[in-house]
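The next block holds one structure in the form of structure tokens; read it before the comments.
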Ligand code: LLP
């Protein structure tokens with residue numbers, strides 16, 4: 001469920017009509033619903049209760065500081081994967097002891113930043129990283145709390161570019177080698193082992209791969225405890241999928257996922273962490289675009305929008321489907337026509353949808369991409385020197401721009417021409 005509904009034939013974000021936002025900020029723009037973000041966060045906390053737990057929002061899915069503040073104020077932790085994301089979490093007022101640091105390539109500088117600013121744990125992904133972290137911690141006179149990310153060799157059955165739990169992926173250490181790596185961790189002066197981490201992929205639409213992975217983690221917990229390690233926290237990653245169409249089968253709900261977690265690891269006496277991104281932010285956001293032209297081609301019609309692949313990369317990058325709907329609802333029974341929905345970027349790949357049945361839209365009309373809150377704005381670029389799309393947050397009947405569209409002066413001023421040219 002989200003809070004983007006038609007009222008009197010006009011698509012609203014909560015109580016705000018989208019044409020009002022368009023009139024104020026121009027198109028294209030991203031718009032997020034505070035009520036939907038809040039609801040999705042609570043679905044997870046309710047699903048995990050009464051287990052001791054922390055829901056760490058995966059910032060990579062939507063990293064605007066206003067959104068992080070909203071979730072942080074509800075009590076959310078944050079999963080960060082770079083110094084930049086760490087700074088965002090802190091700028092949103094999230095204390096270090098609610099931030100977990102993931103990622104295969106943390107630099108020493110990033111380790112220092114988190115160790116001095118405060119950190120709940122590092123999810124370590126390799127032995128070289130473990131040794132580097134120990135050295136940095138010792139140099140600062142502290143110890144670094146860690147989990148080790150294990151790769152359970154489970155097929156997440158999702159898009160190959162976002163599956164991370166198979167043994168040929170770059171992530172984590174093979175689960176069979178975990179005892180050896182934990183033994184080394186325990187011997188390092190700057191390291192304090194606090195738990196185990198696993199994350200097998202994103203947009204999972206079945207629970208079974210999670211179940212396989214979590215059962216392996218439960219076994220490993222027993223084994224590592226028997227070897228003297230204090231495993232008191234399990235970070236079970238993110239990855240629960242969302243419905244991208246209104247019609248397809250619904251992926252499992254957070255309550256089902258919570259029940260699975262309780263069933264597989266609930267009796268270990270560990271604090272459970274999860275790192276959901278998409279399920280919290282995905283259906284909490286729309287990308288709203290204007291129609292520039294309707295162009296008739298050879299046997300097909302093109303809807304040319306002012307949004308492009310640089311603004312929403314998922315269709316061109318993963319062949320992802322996003323529902324596209326008119327902001328002014330077509331009357332029931334109104335005719336539809338197949339359109340190729342494209343942007344203005346000079347690449348054939350700048351195609352959002354092919355042969356998509358849409359009501360008859362015209363120049364100047366507004367359309368909205370649904371499910372665009374996650375991996376939308378964060379993956380945008382300025383390709384073709386197109387300014388980054390602004391972001392708007394709606395709460396009830398008010399809205400605010402939470403990231404301005406940059407001016408062309410700002411964009412041009414970032415480049416410098418050397419004096420010797
Ligand atoms: N934790 C870790 C360690 C991750 O790598 C990810 C996502 C998450 C949590 C959050 O996963 P989620 O709950 O959002 O599925 N750009 C792609 C998705 C990349 C996901 C990367 N890692 C897309 O647009 O589909």
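Where a number appears in this text, it was derived from the coordinates with a stated rule and is not lab data. If you're wondering where the values come from, they're calculated on a predicted model, not measured in any experiment. Methodologically, a virtual Cβ is constructed for each residue, glycine included, from the backbone with ideal geometry; neighbour enumeration extends over all protein chains shown.
So here's what we get for this one:
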item: Alpha-carbon centroid distance for the pair the range 364-400 / the range 114-170, whole angstrom; result: 32 Å
item: Cα Rg over Rh - the range 5-96, Kirkwood; result: 1.06
item: The chain - mean residue ellipticity at 222 nm from DSSP helices (-39,500 (n - 2.57) per run, n ≥ 4, rounded to 500); result: -8500 deg cm²/dmol
item: Rough spin-label spacing in nm, given labels placed 7 Å along Cα→Cβ, for residue 417 and residue 5; result: 5.6 nm
item: Gain upon complete extension [residue 320, residue 404; 0.36 nm per residue less C-alpha separation]; result: 27.6 nm
item: Equivalent ellipsoid semi-axes - Cα gyration tensor, the range 267-367, angstrom; result: 33, 17, 12
item: On Cα atoms only, tilt of 208-226 relative to the major axis of the chain in degrees; result: 20 degrees
item: Pairwise centroid distance, computed over Cα atoms, of the range 263-319 with the range 44-65, Å; result: 20 Å
item: 10 Å-binned pair-distance histogram of the chain (Cα, whole percent); result: 4, 21, 29, 23, 14, 6, 1, 0
item: Global geometry of the range 198-254, whether rounded, prolate or oblate, following the gyration tensor of its Cα atoms and the 1.5 cut on a/c; result: prolate
item: Square roots of 5 times each gyration tensor eigenvalue, C-alpha, the range 363-421, largest first, Å; result: 30, 14, 12
item: Rounded to 5, the percent of DSSP beta bridges in the range 34-279 classed as antiparallel; result: 5 percent
item: Estimated FRET transfer efficiency when R0 is 41 angstrom, pair residue 170-residue 354 (beta carbons, to 0.05); result: 0.80
item: Cα long-axis angle, helix 178-187 against the chain (0 to 90 degrees, to the nearest 10); result: 60 degrees
item: 45, 264 arranged by Cβ crowding within 10 Å, fewest neighbours leading; result: 45, 264
item: Crossing angle, helix 34-48 versus the chain [Cα axis fit, 0-90 degrees, rounded to tens]; result: 30 degrees
item: Distance histogram in 5 Å bins (all Cα pairs of the range 69-215, percent per bin); result: 2, 10, 19, 19, 19, 16, 11, 4, 0
item: For the range 34-279: Kirkwood Rh in Å [reciprocal of mean 1/r, alpha carbons]; result: 17.9 Å
